[in-house]
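Structure first, then comments.
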Amino acid sequence: MSPSRSPQPVRILLCDDHAVVRAGLHALLSNRDDMKVVGEAASGEEAVAVAARVHPDVILMDLQLDAGPDGIATTRKLLAQAAAAPEMPTPRVLVLTMFDTHADITRAIKAGATGYLLKADNPQALYDAINAAAAGRTTLSGPVTDLVLSHLHTPPPALSERERHILRQLAEGHTNREIARALFLSETTVKSHLSRIFNKLNVQTRTAAVTKAAEQRLLD
């Protein structure tokens with residue numbers, strides 16, 4: 001009877017623009033027999049190139065990268081690259097970031113990320129998430145799960161039809177003057193409506209209002 005073979009370690013690519021973070025992760029993962037760092041990248045473009053060369057099972061992806069595409073755009077490129085080459089294994093992208101906003105989480109999952117972890121999580125949570133990702137299972141950090149559930153359980157704010165019209169105009173990039181002309185209102189009235197919209201959505205900027213409205217499907 002032949003001896004049983006040990007399972008192959010999970011092959012990991014690190015993508016983070018901070019060399020110190022990559023070094024820390026490399027040291028952390030190198031202590032394990034079931035994981036192996038096979039590449040590092042400091043940018044999205046580098047991650048795509050290295051992934052094509054080393055064929056990782058799991059990619060630990062930072063969201064905010066100093067140069068080039070961010071982690072969301074890089075995730076899309078990595079998965080598109082794998083889809084265009086059937087002979088190339090499809091990597092699992094596991095986001096590892098400091099940012100825990102609902103918008104970032106939603107964008108990452110929509111882009112194809114298998115999981116979403118925070119850099120504040122403990123090492124065991126990281127190990128478990130990597131193994132889960134390698135097995136094709138979705139994994140979210142505890143605080144991220146709580147945030148997602150709270151949004152699911154929180155009903156969207158009640159907006160009037162006029163406020164929804166203004167939000168749609170806002171999403172199309174129109175100025176207050178253009179919105180006023182389109183809806184036959186004065187600019188003062190538009191500003192008043194925007195103030196109420198911001199209060200209802202609990203935001204302070206036009207961009208944040210559009211982002212939150214899109215998340216809660218208020219633009220449909």
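Taking the chain, how many lysine pairs are there with alpha carbons less than 22 Å apart, if each pair must be eight or more places apart or span two chains?
Numbers: K36/K119; K77/K110; K110/K119; K110/K212; K191/K200; K191/K212; K200/K212.
Close lysine pairs found across the chain: 7.
Relative contact order, percent, of region 161-215 when contacts are C-alpha pairs under 8 Å separated by at least 6 residues?
It rounds to 34 percent for region 161-215.
Taking the chain as the reference, fit the longest principal axis to its C-alpha atoms, fit the long axis of helix 102-111 to the helix C-alpha atoms, and give the angle between the two in degrees, 0 to 90, nearest 10.
Taking Cα atoms only, the helix is inclined about 60 degrees.
Along the Cα→Cβ direction, 7 angstrom out, place labels at D121 and D66. What is the inter-label distance in nm?
With each label point 7 Å from Cα toward Cβ, the separation is 2.6 nm.
Which FRET efficiency, nearest 0.05, do T207 and R32 yield, Cβ-Cβ r, R0 35 Å?
Efficiency, rounded to the nearest 0.05: 0.25.
Please compute the volume of the convex hull spanned by the alpha-carbon atoms of region 10-151 and report it per residue in Å³.
Working: hull volume 13.6 nm³, N = 142.
Given the Cα convex hull of region 10-151, per-residue volume reads 96 Å³.
Can you sort T74, T101 so the residue with the fewest Cβ neighbours within 10 Å comes first? Show your work: numbers first, answer last.
Details: T74 27, T101 12.
Arranged by neighbour count, lowest to highest, T74, T101 become T101, T74.
For region 1-124, what does the relative contact order come out to in percent, with C-alpha contacts under 8 Å and a separation of six or more? Write out the running numbers ahead of the final one.
Working: 211 pairs, mean separation 26.9, N = 124.
Taking the mean separation of contacting Cα pairs over the length of region 1-124, I get 22 percent.
Give me, ordered by chain and number, the residues 5 or more places off V10 or on other chains with an amide H under 5 Å from its own placed amide H.
Hits under the 5 Å cutoff: M35, K36.
For region 163-178, what does the Karplus curve 6.51 cos²θ - 1.76 cosθ + 1.60, with θ = phi - 60°, yield as ³J(HN,Hα) per residue in whole Hz, taken in order and with x for Gly and Pro?
Once θ is set to phi - 60°, the couplings for region 163-178 become 5, 5, 4, 5, 4, 5, 4, 4, 5, 7, x, 6, 7, 4, 5, 5 Hz.
For the pair S186/A171, report the inter-label distance in nm, with labels modelled 7 Å from Cα in the Cβ direction.
Each label point lies 7 Å from its Cα, and together they span 2.9 nm.
For region 161-215, take the alpha-carbon Rg, divide it by the Kirkwood Rh, and send me Rg/Rh.
Working: Rg = 10.1 Å, Rh = 10.9 Å.
Rg divided by Rh gives 0.92.
For a quick check: sort K77, K212 by the number of other beta carbons within 10 angstrom, fewest at the front. Working shown, then result.
On the way: K77 17, K212 21.
Fewest to most other Cβ atoms nearby, the residues stand as K77, K212.
Using only alpha carbon pairs under 8 Å that are at least six residues apart, calculate the relative contact order of the chain and give it in whole percent.
It comes to 13 percent, rounded to a whole number.
What is the angle, in °, between the Cα long axis of helix 44-54 and the longest principal axis of the Cα atoms in the chain? Nearest 10 is fine, range 0 to 90.
Once rounded, the angle reads 30 degrees.
Sorting R217, R206, R196 on the 10 Å Cβ count, fewest up front, what's the list?
R217, R196, R206
Quick check: the angle from helix 187-201's long axis to the longest principal axis of the chain, C-alpha only, nearest 10 degrees?
For helix 187-201, the angle is close to 40 degrees.
Just so you know, all these numbers are worked out from the coordinates, no wet-lab data involved. Everything numeric in this text was worked out from a predicted model, so none of it was measured. Cβ: placed from backbone, ideal geometry, glycine included. Neighbour counts: every protein chain shown.
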